[in-house]
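Engineer: I have a structure here, written as structure tokens, and I will follow up with some questions on it.
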Amino acid sequence: MRKLAEHNIPLREASITQVHSVLRDGNPLIVHTSMFANALASLANPKQQQQWVPLAEKNRIIGTYAQTEIGHGTFVRGLETTAIFDPETKEFVLHSPTITSTKWWPGGLGKTANAAIVMAQLYTQGKCYGPHPFFVQLRDFDTHHSLPGVILGEIGPRLGINSQDNGYLRFDHYRIPRTNMLMRHSQVLEDGSYVKPIHNKLSYGTMVWTRVAIVHSCSKKLACAVTIATRYSAVRHQSELVPGKPEPQILEYQTQQYKLLPHIASVFAILFSASSVLRMQRNVAASISKGNVELLPELHILSCAMKALSSQDSTQGIETCRLACGGHGYIASSGLPSLYTSTTCTITYEGENTVLLLQVARYLIKSYRAGLEGLPVLPSVMYLTAPSAMHQSPPLSNQALIEAFRISSANLVKETESRLCRQFNLEQNFHYAWNRCSVALVHCAELHSRYYMCEKFLSTVESIRASDRVRSVLQDLCRLYLIHHITLNQGHFLRSGTLSGVDLSTLEEEMYELLAKLRPQAVPLVDAFDFRDELLGSTLGAWDGRVYERLYEEAQKSPLNKTDVSKAYHKYLQPLMKSNL
Ligand SMILES: CCCCCCCC/C=C\CCCCCCCCCCCCCC(=O)SCCNC(=O)CCNC(=O)[C@H](O)C(C)(C)COP(=O)(O)OP(=O)(O)OC[C@H]1O[C@@H](n2cnc3c(N)ncnc32)[C@H](O)[C@@H]1OP(=O)(O)O
Ligand SMILES: Cc1cc2nc3c(=O)[nH]c(=O)nc-3n(C[C@H](O)[C@H](O)[C@H](O)COP(=O)(O)OP(=O)(O)OC[C@H]3O[C@@H](n4cnc5c(N)ncnc54)[C@H](O)[C@@H]3O)c2cc1C
């Protein structure tokens, strides 16, 4: 926080810095600096911002984002916490009517936060208007005691991020002023009348913003993991590649290159896609402030797609990096276990991935149907009904591979839409039919998202002008990424007829050549991510390569090594040894 102040970085921009990485196993202030700050910036009106933002900037108020309940995380419309407007006192009464309405999970809620943006069902004049955001003080700003009517606690140890205090929260008819409802987009007036927003999902804006931020953070986490595993693979020598010859660096093994290089490529693919979504988000935010919400659905879908794909790719990539370090990847001091546990949660939070992919699929099906009827569709999905352009590019060129992705994705959407129609004819109910097709629908969303990511990777690399040499290395890396994902999804390309069995064999050959060609670039590529050793926090991945010395030094810090004979010997082992059991 002192660093942020020194560099004049406002709170709402803190999450784009490395400040959250200082605490390795979770930062109890992350939701304060990200979601809470963003909710104030985008959901509060100017008067409310004047009131709370300076206090939050000075950390007088430490906030969190309390939406999820024990009973409902995904289904936001199913939240049970109520905020009932009392016109007599001009207050909202917050209440948790059931055990399932207990707020559960918010980061920092247990012990750190003294305030929260609470999502609750808004009732006024006897009518429910759905989930709305409220600014709620939870603890005394001086003593930090929880306020009467507020029940707070921490939810217990988790798979990871255990230095963050994820919490629970219940309200017992807790009153807040009317003006604590975040009123930038919708309002409740003094007489209790409701003023609706220009788009009814604007109150979900903080989730959209966070999904975009998560895409960036996934590329950073994966970059850390590939840095550790690649440097280690250059230091580690094991086995014989040629009998009788010296043990090679494990990075010489093709299988090791196959484990690492596609994930190095993935860092760039995620980063370039994140930048593209971020640009779109800034445009949409500017349009919304002028009253135009036309592009909001596109941003929602793109942020769902990229959050889902990047969290899945980075989690799998980090686990592959951990396994690529053999036994030493399992030790905490490698840094890889905590990278894994602090990344796998991105698959679940801010919208569970399957659920987000189904949102994408819904958009694809709707757009496909609209396109067939000649209705206008947004640019990113026009391809679903646009004529094939496969023949225009040289066979197996990068452009041809992107076209193969596009046509295969369109083909899968077309097939799945037909299946949906058939299922609808059987079931006579759209929702049952949808559920019976949902595995295929998720595949549609994944292929569309991969197509987007591949396209962004290629177009960004092609636009590099600063250095021919850098562009050339990144072109190889991008080519590897395209081929790698084609080989992982061969079935879709064969089904759509965009690539033949012979094409796939040719591409596979080229992939093996690329692994060898890129091998000398592996260490320079990860060095270029330019992580300080302190930030990597890894015995295996430090810049100087002193892996074995660091592992040994770190072991000396184990509390069990403070004495030669541990207390447990006297307490348990010795009695056991003497007991003749
Ligand atoms: C951004 C700046 C980044 C800068 C980066 C620079 C570098 C960064 C480097 C490092 C960055 C570090 C950053 C740190 C990251 C921050 C980490 C913070 C920690 C976060 C902790 C986690 C917090 C949480 O988990 S909070 C809780 C989150 N909860 C959820 O996400 C719930 C998921 N569920 C939902 O969102 C919804 O229920 C739903 C979408 C699944 C369904 O909603 P619904 O039922 O209301 O809708 P319908 O299905 O009926 O659909 C109706 C209609 O509405 C459309 N829709 C839905 N949502 C939206 C939306 N948000 N916007 C627009 N439209 C929406 C939907 O598509 C339907 O449209 P139709 O046209 O089809 O009718
Ligand atoms: C580390 C961590 C930090 C968190 N921080 C916060 C926070 O700060 N603030 C906050 O409010 N929340 C927070 N959360 C909660 C998080 O947002 C939810 O856990 C998440 O949205 C998933 O919801 P859920 O737990 O209800 O899962 P569920 O929805 O119950 O998911 C369980 C399974 O059901 C499936 N499923 C659910 N609905 C559907 C559907 N419609 N179609 C098909 N399948 C479906 C899912 O795919 C999944 O396989 C956090 C969670 C974690 C793990």
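Engineer: Checking GLU13 against (1) within 10 Å of ligand 1 (Cβ to nearest atom); (2) under 28 Å from PRO197 (Cα atoms); (3) touching a residue at least 12 places away in the same chain (Cβ under 8 Å): exactly one of these is not met. Which one?
Structural biologist: (3)
Engineer: Determine the pairs where a residue that is modelled with pLDDT of 95 or more, located within the range 366-391, has a partner that is not in a helix (DSSP H, G or I) with Cβ atoms under 7 Å apart, the partner being 6 or more residues away or on another chain.
Structural biologist: Every condition considered, the pairs that remain are SER367/VAL377; TYR368/THR385; ALA370/VAL377; GLY371/VAL377; GLY371/THR385; LEU372/THR385.
Engineer: Follow-up question, since we're still on this one. At least 2 residues that are assigned by TED's automatic domain parsing to the domain that holds GLN137, away from ligand 1 (no atom under 16 Å from the Cβ) and within 23 Å of ILE151 (Cα to Cα) in each: list the strands (runs of 3 or more DSSP E) lying fully within the range 51-99 that qualify.
Structural biologist: 82-86, 91-95
Residues are listed down the side, and each one gets a yes or a no for (1) in a helix (DSSP H, G or I); (2) among the aromatic types (Phe, Trp, Tyr); (3) farther than 23 Å from SER219 by Cβ:
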{"residue": "TYR451", "(1), (2), (3)": "yes, yes, no"}
{"residue": "THR460", "(1), (2), (3)": "yes, no, no"}
{"residue": "LEU477", "(1), (2), (3)": "yes, no, no"}
{"residue": "LEU480", "(1), (2), (3)": "yes, no, no"}
{"residue": "ILE486", "(1), (2), (3)": "yes, no, no"}
{"residue": "PHE493", "(1), (2), (3)": "yes, yes, yes"}
{"residue": "VAL502", "(1), (2), (3)": "yes, no, yes"}
{"residue": "ALA516", "(1), (2), (3)": "yes, no, yes"}
{"residue": "GLU534", "(1), (2), (3)": "yes, no, no"}
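Engineer: Those residues that are more than 22 Å from ALA274 (Cα to Cα), among the aliphatic types (A, V, I, L, M) and either outside the structural domain of PRO262 (by TED's automatic domain parsing) or surrounded by fewer than 21 Cβ atoms within 10 Å (Cβ to Cβ) (or both), I need them from the range 458-501; list them, please.
Structural biologist: LEU488, LEU494
Engineer: So which residues in the range 246-294 are outside any helix (DSSP H, G or I) and among the aliphatic types (A, V, I, L, M), if there are any at all? Can you show your working first?
Structural biologist: So the first thing to find is which residues in the range 246-294 are outside any helix (DSSP H, G or I), and the list is 246-249, 253, 290-294.
Listed by number, the list holds a single entry, VAL293.
Engineer: Collect the residues in the range 126-185 that are in a strand (DSSP E or B), away from ligand 1 (no atom under 16 Å from the Cβ) and of a type in the set (A, V, I, L, M), keeping them in residue-number order.
Structural biologist: Across the range 126-185, the qualifying residues are VAL150, ILE151, LEU152, ILE176, MET181.
Engineer: Kindly evaluate THR343 against the criterion of being within 16 Å of ligand 2 (Cβ to nearest atom), of a type in the set (Val, Ile, Thr) and free of Cβ contacts under 8 Å to residues at least 40 places away in the same chain.
Structural biologist: Working: within 16 Å of ligand 2 (Cβ to nearest atom): yes; of a type in the set (Val, Ile, Thr): yes; free of Cβ contacts under 8 Å to residues at least 40 places away in the same chain: no.
It is false that THR343 is within 16 Å of ligand 2 (Cβ to nearest atom), of a type in the set (Val, Ile, Thr) and free of Cβ contacts under 8 Å to residues at least 40 places away in the same chain.
Engineer: Further question: Given the structure, is THR68 of a type in the set (S, T, N, Q), within 16 Å of ligand 2 (Cβ to nearest atom) and in contact with a helix residue (DSSP H, G or I) (Cβ under 7 Å, 6 or more places away or on another chain)? So that I can check it myself, show each step before the final result.
Structural biologist: Values: of a type in the set (S, T, N, Q): yes; within 16 Å of ligand 2 (Cβ to nearest atom): yes; in contact with a helix residue (DSSP H, G or I) (Cβ under 7 Å, 6 or more places away or on another chain): no.
Considered against the rule, which asks whether it is of a type in the set (S, T, N, Q), within 16 Å of ligand 2 (Cβ to nearest atom) and in contact with a helix residue (DSSP H, G or I) (Cβ under 7 Å, 6 or more places away or on another chain), THR68 comes out as no.
Engineer: Please give the number of the condition ASP533 fails out of (1) free of Cβ contacts under 8 Å to residues at least 12 places away in the same chain; (2) over 25 Å from the mean Cα position of the chain (by Cα); (3) closer than 29 Å to LEU260 by Cβ.
Structural biologist: In the conditions (1) free of Cβ contacts under 8 Å to residues at least 12 places away in the same chain; (2) over 25 Å from the mean Cα position of the chain (by Cα); (3) closer than 29 Å to LEU260 by Cβ, ASP533 misses (2) alone.
The values are calculated or read from the model by the stated rules, or taken from the named source; none is laboratory data. Computed from a prediction, not measured in an experiment: that's the story for all the values here. Positions of Cβ are generated from backbone atoms using ideal geometry, with glycine treated the same way; all protein chains shown enter the neighbour counts.
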